[in-house]
Every structure is written in structure tokens, then in C-alpha cells.
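Colleague: First the structure, which I've put down as C-alpha cells, then a few questions once you've had a look.
Please treat every number below as a calculation from the coordinates, not as lab data. All values reported here derive from a predicted model rather than from experimental measurement. Heads up, the Cβs are rebuilt from the backbone with ideal geometry, glycines too, and the neighbour counts pull from every protein chain shown.
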Amino acid sequence: MVFLFYYVDYITEGKFIFTLFYVILTIFVTRYLNITNAIIISVLASISTAYIDMTILQEDVFSPYYYFNITTRLIVYFVVIYLTYSVEKRELSLEEKIKTRTNDLQEEIKQRELKEHLLIESEAKHKNLLVNQPVALLRLNLATNKVDFANQEFIRQSGYDAEEYDNLTDDDYINMIHPDDRERLFKYYKEWAVNHYKGNVNISYRIINRFGNILWLNTFLYVDKDKSGNPTFINQLCVDISDQKLNEENLIKSKERYESFIKNSNEGIYRFEFDEPIDISQTDDEIIKQFFYKGYLAECNENFAKTYGYKSADEIIGIQVSRLMGDNLSDFNYLTLQNFINNNYSAYNEITEEYDKNWRKIYINNNSAGVVKDGKLIRVWGIQQNITELRESQDKIRILSWAVEQSPDAIIIMDTFFNIQYSNSKFSEISGYDNSEVINKKPFIMLINESPKELREEIVNTLNKDMIWTGEYLNRTKSGNKYWEFAIIAPIKNEHNQTTNYVYIKRDISDRKRFEEELIESRLKAEDANKIKSEFIANMSHEIRTPMNGILGMIQLLEMTTLDEEQKDLIDTIKYSSDLLLRIINDILDFSKLEFGNVKLNKEPFNMKEFGKNIYSMFEIASKNKGLDLELIYNSDFNYTLLGDTYRLNQILINLIGNSIKFTNEGFIKIYILEKNKTKKKLSVEFRVVDSGIGIPNEKFELLFESFTQLENTYTKKYTGTGLGLAIVKKLTDLMNGNVSIKSEVGKGSEFSIKFDFDILD
């Protein structure tokens, strides 16, 4: 710059100050006005300087130096202008940059201030939000093991603020947890801690807060960690779900009540769904067919399933509607579904005919409602009752009513005060009273002042004991005619076993009474005649036996004399005939005694085995003479003494064994003496006589034990006898409290069995 000024001063010949003035002026104009004005000033300054040089300094205008000087000045001015402009432009650029930077800094400061303000507001809002959050928040500093934050909801739930919560003892913490949840919760926390607080924890449990209230909390736990991954804070969020739990419990209870109602309902409950919703804008015929063939059972209870013969609901769910209603869309089913449609897709007490799984027809009383949405039938809910038994009962009642009306007996239904509520036509026929004349009046059970008081009391007392009274008494018709009736009066009970009515059944037995009187008179005459006959037979038997004893005595004396062969044969014939006649007389005498009850049992001690041997020995020779095998069989040693009437027992067995020998021509006769039941004081013994004789037809069994009876004339002709043997056996068996039975087959033999009970002496 010094060099420049020096050069300017040299060129201007010492006119530095003057030139400097113009330079400064040019700089000023360039800086503060504009470059055009500066150029004009520079030109004017050069002209002015040239003029001064020419006039004042007397410069030579024609001198090259003069023009060089002017040009040099002008160049200097232009350089100054350029430099000034450049400097100014640079300054302006710097100022612009400084201004822009300053504006940016101001804007940044403004934004920072705004962000700081927003951050402060946000922090305040978040703090307010956390403090007033409906979720309980708790932050535990693991380094200090202190709570550094707890919001209002936590204080509400626990009843403690952060400071109070820090001061709780371990027992206080434990007691805050509901006893039923402690073990589960502590185990859960322990596993989380052992796993280094890995992952987040979510668990529901109950607490007992400071005020003793029980709250259900759904707690969410997570940890904050430092850069090294070490846990620094445990954050706990607790949502009070007590209302939710209460709603869930109520919902569960409601569901349980609903399921209990469905399960224990006496009615069948069901829900029908369809393969696809049914468009109800279609014709009834199309809707009915879709309902019938595309509907299926989606839900039902056990009673519904049992109605159709299934054990459980699972067995029937999914079955088609058509299967329930009988596979065929019958006129009845079509009409039922059409009524359902016409009744705005509902049914009230609609009776339907359906079929169970065994194709048994059942009758259903149905109440149902369809769910219609957007013009389509979605599903059908229903409740039904199986009225099959009711229908059958109604049919039975109808039949019984008809039977009662057509009954040959008079039937009356009375209330508990013995007032007539119903009477059939037979009652009117017998008594002469119309039904309208006896309704709410007493029946003619007893004629007033004509029936014994004891009879009336007997009837009332019997009915009061819930017993059935039967009896006969004299009654009177409307016209006053007396008649005998047989009556049955019985209580009618309800399902609680309470008497609600009485049924009175009566029959006119006047004809029977007259017949009975005649029969009684005839029976008395017959008994008298029979008594006379029995007395005559007994007397005659005694009278005949006396000379018979004389005849037998004479035969024995004749046998002691000297007789030839022919005489011996004649004596044997007389002896056989006499023995046979004596046996007949003895049978008649025994039977007469049994008929009149003159036989008394005479019990005495005996041994069963010895008794059997004696019986065997009595028939041993007779059986050998006929070529029969006689066998005696025991199933016991009978090593004890019994008490019984051996004479009558012997008489029974003699008749049975004697008959077997008589009616057996070949084969065997077996005598069984069998011990059946034995106690300390009683022994049951069965005597069985089995033979291989001619046998007895089954249809003749009833005649065997009748007196003076033989089965067939052919038998009578071939086998002699009175027909009293088995009759005596039956009467003696009954007298000894035993029982007799028979098995037999014609041509194969017979088996007679008799059972008796004996006292044991030792």
C-alpha cells in the first residue's frame, strides 16, 4: 500500500493530498452509494484534475505525460473503485453470513427454548399422567432397595405411600399377599430372579391392603438395565381387576346357573342350525324343505337326548332334523313347519310326531323361536316336553273310561268326605238313581238305621288306615227294593302318597246269595249224609273186622291140621282173600279217623338208619318174589336221635313202597332217605321212592290223592285196591306238616317225594 501511494504521488507529481481526496471520495461513493456514481465521480475527478493541471499548474495539455497522468489517475480511481467494491462485496457477504448465522443461532436458541419448554410441559404432563394413572406404578431402585416412585393408584391399591411402603417389614409384605396366592406368587418371583430378571413377568394374584380389602391385581414386571446389562430398576405395573374378576365370577356363576338349568331341566332344550341361513323371502315350500333337509341339531341337553333314546347329548348332536322327524316329510310334519313359519317363525305348545333312535314314535310338545337376521333364518332355539307317556296315559284313560262305563260292576268315585263325584251307568242300573241325583251326595254304602254301627265304623276305620275294605251287606234301591251287594272301597293316592279320593266298586250279588243259601243248605245235607255214610262205613268196618278176625283164626287152626294139597291151596286162597279184605277194612278205618280228625300223633325217639332197615326188610321178600331190585340209599350216617311218629311215618312209606311193588313188573325200586337241612335242633329229611313201573299220565296227578279213586278202569281191573292208599298218605303228610310231590312218565316209572322236619334230641 505504501508503495502504491508512493507511486501515485510520483505520478501526480506531488499532488498526493489532492489525489487522496478524490480516492477517498471515490471509496466513499463506491461504498455508500453505488459503483455507477463512483465511476462518474472518478471521471469527473480526473477531468477536474486535468483542468487544474491545465489552468492552475499550467500543464502542457499536449504533452504525453499529461495524458499519461490523467489516464493513470483514472486507472487508479477505477482500481480503487474495484477494490472498494470487492471489499464492500466481501464485507457484505461476510455480514450476510454473519447475519444468517446469527439468525440461525437465534432460531436454534428459540427452538431449544421451545423444546425445553415443551420438555418441561411433557415431563409435567407425564408426571401428572403417571401420578394419576389408573394403573398402579411402582419403581424400585435395586441399588438402594428403595422405592423411588409410586403413583396415586398404587397408594389407593396398597393403602401405603412410597415412604410408608419402604418401611414395611418382610412379614408386612407377606401378609399383604392373599394366603391362597402366596406360594404361587413367591415361586413365580423367585424363578424370575433366578433367571436374572430375564423377560417380562405378568401374573394375577390377590392382595389384602392396609384397610383389609381384598383386591385382584394383574401385575406386569420389567427391569431397566445399565450398559453392562445389570438390572438397575424393577418397574411394577398393577391393574386392579377386582371388578373384572367379580364379573368373571358372576359370569361363571351365571354360566353355571345356565348350564345347571339346561342340564337339570325337566324339559328338553335344543338349538337347530342350518348348513347355510335360509332366505325367508322364498316360498313356504322351499323354506320347509331347506329346514327339514338342511337343518341339524347343534346343541341340546341330556333330557332332549334321552327323549330320543340316547344316553348323552354327545350322541345326538349333529343329527339332521329330518332324522328326528322321521326321514319323510309327511303331511303332518309339513303342516307343523308351515304353522311355525306362519306364526312368525315361532311355535307355542305345538304337538309334533317324531321318532327316537329305535324308530319308536314319540309325541313332543314343542315351544320354539327362530332367529331371523337380514331376511334370513339363522337358527332356532326350542324347549320341548316328551308327552308320549301323557298321550299314552290319555289313551289309557280313554280306554279305562270306556271300560268303567261299560263295566258290569257299579263304580263310584268319592272325595275324602265320601261325597260322590262320579258314577257309571251300571250304578244307575243297580240303584235306580241317575248320575245327577247322587253327585255330591253320600253313597248308599249302608242303610241308615238298618246297618250295624260296627259295620260303619269298620269301613271308616279301614279307609282311615289307607287299607282296602271289602265286604257284603244289604242295600236298598231308589224304589225301596232290598238287594245284596259285594263292595270294594279303596283309597286313591296322589304322587305324594296322600289320599285324594275313594273308589267304591259294588256288584249286585242277590242271585249269588240265593244260590249260596241253597248251596249251603245242600252242603249241610250232603255233610249230614256224608257223616252218616262215614259213620256207617266205620261201624260196618268194625262189624266186619270182628268176624274177619274169627275167620283168620279158623284159617290158622285149619293150617295146623293134616291137609292134602288141594285143601292147602284152598286154605291159601282163603287166607290171601282174608288178608286183602282186612287191609281194605283197615284203610277204611284209618281214612275215617283222618276224615273226622281222630288221629293224634305220638312222637317218640328213633334212629333214622334203623327205621330205614326195618322198612327195607318188610318189602325185601315181596320184591324178590316179583324179581325186582330193591335198594335203600342214605346220604348221611344219621348218627343222632330224632323225635317223631314212626308209626305214621311207617304207614306212609308202606303205602308208597307197596304201590311201587304193585305197579312195577320189572326193573327196580329205590328208597332214598336224604338229609337236607340240619340245625342244632331241627333236621329236614326227604323220603324218595323211585320205581321203573308203569308210570302215571301228567293230567292224572290231581286225582292221585282223592279218596276211593283209581286212575283208569283198565288199572282197576288189573290191580286190586280201594284207592285210599295215597289219600291216606296225603292226609298223614299234611297232619305231620310235610309236603308230598310226584314226578312220573308213562312207561318209565314214577318218583314220590315226601319232606318232613324232625326234632333232634342229641
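Colleague: Which pairs do you get when a residue that is more than 11 Å from residue 234 (Cβ to Cβ), found in the stretch 136-152, comes within reach of a residue that is of a type in the set (Asp, Glu), reach meaning Cβ atoms under 8 angstrom, with the pair 6+ apart or on two chains?
Modeller: Matching pairs, first to second residue: 136/153; 136/240; 137/153; 146/166; 150/161.
Colleague: Under 7 Å between Cβ atoms, which residue pairs at least 6 apart in sequence (or on different chains) link something in the stretch 639-661 that is closer than 11 Å to residue 604 by Cα with a partner that is in a helix (DSSP H, G or I)?
Modeller: Qualifying pairs under 7 Å: 642/608; 646/611.
Colleague: Here's a follow-up. Could you please give the count of residues in the stretch 143-171 that are assigned to a helix (DSSP H, G or I) and not hydroxyl-bearing (Ser, Thr, Tyr)?
Modeller: Residues in the stretch 143-171 being assigned to a helix (DSSP H, G or I) and not hydroxyl-bearing (Ser, Thr, Tyr): 12 in total.
Colleague: Still on this structure, I have one more. Considering each of 382, 370 in turn, give the residue that is in a strand (DSSP E or B) and within 14 Å of residue 288 (Cα to Cα).
Modeller: After applying the criteria, what remains is 370.
Colleague: State whether the residues of the stretch 461-471 include one that is part of a strand (DSSP E or B), touching a residue at least 40 places away in the same chain (Cβ under 8 Å) and surrounded by 15 or more Cβ atoms within 10 Å (Cβ to Cβ).
Modeller: no
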